[in-house]
């Protein structure tokens with residue numbers, strides 16, 4: 001399928017950025033094609049991460065600022081590529097460029113995620129302004145950038161946003177605001193050559209209730225059927241988010257993110273469009289059996 005954010009469009013943007021950096025692309029390969037198009041260029045020691053949206057490009061600037069702060073602290077996170085002007089731009093799209101971390105074994109686990117999150121939350125707020133947790137605002141911007149979304153589905157999602165928005169605002173006012181990753185799952189962990197665990201993907205990093213970072217695994221287990229992951233994370237972090245008084249809202253906010261994130265991509269992938277329709281239908285019919293598939297496995 002074609003579209004503003006298709007694989008072809010992302011590949012063209014990657015080639016333009018690589019050319020501006022004067023680096024080889026013979027071994028370039030696509031690692032991920034979800035909210036971002038992530039390309040590895042092992043020969044150049046780089047990863048190019050292109051935002052697949054026009055509405056959330058300010059996130060890339062935020063991510064670059066956070067990454068520089070993490071480097072100053074020596075935080076357990078991936079590093080920006082040295083000597084590269086960031087963010088990079090190509091074909092009206094914005095990207096960040098990172099130091100390539102070769103695959104290492106063993107693969108990161110949920111136990112690693114729990115330990116990494118405890119260290120991450122302990123960093124505290126950065127010395128510059130950072131937005132507060134706003135899953136509704138993020139969803140609205142995704143919907144504004146939708147490509148191939150029907151009017152009926154748009155209205156359904158906007159109504160969902162309207163219902164959750166005051167609940168999220170109330171929670172933000174009631175609880176202490178901590179540094180949170182915002183999309184904490186094992187897929188956003190890397191293991192470096194010295195076996196250290198590194199967090200990556202800071203698009204959703206913000207200030208908010210730290211429990212948000214424990215919800216992704218719990219909701220993923222419920223929706224994808226990953227049995228045992230939630231219990232392992234609860235033990236590693238020493239907190240069970242499903243026992244939290246705010247768990248129903250945290251669950252819904254995560255599910256909204258898992259659906260709205262696909263709306264700019266519907267015209268670019270038939271399989272993503274089909275999975276999106278299935279997810280929306282299951283929510284409308286209050287189905288809770290695990291039968292969703294990760295978008296990353298479909299593109």
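Rule-based calculations on the coordinates, nothing more; no lab input. None of the values given here were measured: they were computed from a predicted structure. With ideal geometry, Cβ positions are generated from the backbone for all residues, glycine too; neighbour counts draw on all protein chains shown.
Mean sequence separation of contacting Cα pairs (under 8 Å, at least six apart), scaled by the length of the chain, corresponds to a relative contact order of 21 percent. Using Cα springs under 10 Å in a Gaussian network model of the chain, which residue among 254, 163, 59 shows the largest mean-square fluctuation? With Cα springs under 10 Å in the chain, the top fluctuation among 254, 163, 59 is at 163. Can you tell me what share of the DSSP beta bridges in the chain is antiparallel? A percent to the nearest 5 is fine. Of all bridge pairs located within the chain, approximately 95 percent are antiparallel. Volume per residue for the chain equals 129 cubic angstrom (convex hull of Cα atoms). For the chain, adding -39500 (n - 2.57) for each run of n ≥ 4 DSSP H residues and dividing by the number of residues yields -14000 deg cm²/dmol at 222 nm.
Its residue count N sets the reference 2.2 N^0.38 Å, and the alpha-carbon radius of gyration of segment 173-299 equals 1.11 times that reference. From the alpha carbon centroid of segment 72-138 to that of segment 25-44 is 17 Å. Classify segment 7-99: rounded, prolate or oblate, from the alpha-carbon gyration tensor (a ≥ b ≥ c, eigenvalue square roots; a/c under 1.5 rounded; otherwise prolate if a/b is larger than b/c)? Note, shape of segment 7-99 comes out oblate. Peptide packing: for 213-226, 267-280, the average count of neighbouring Cβ atoms within 10 Å per residue gives the ranking 213-226, 267-280, highest mean first.
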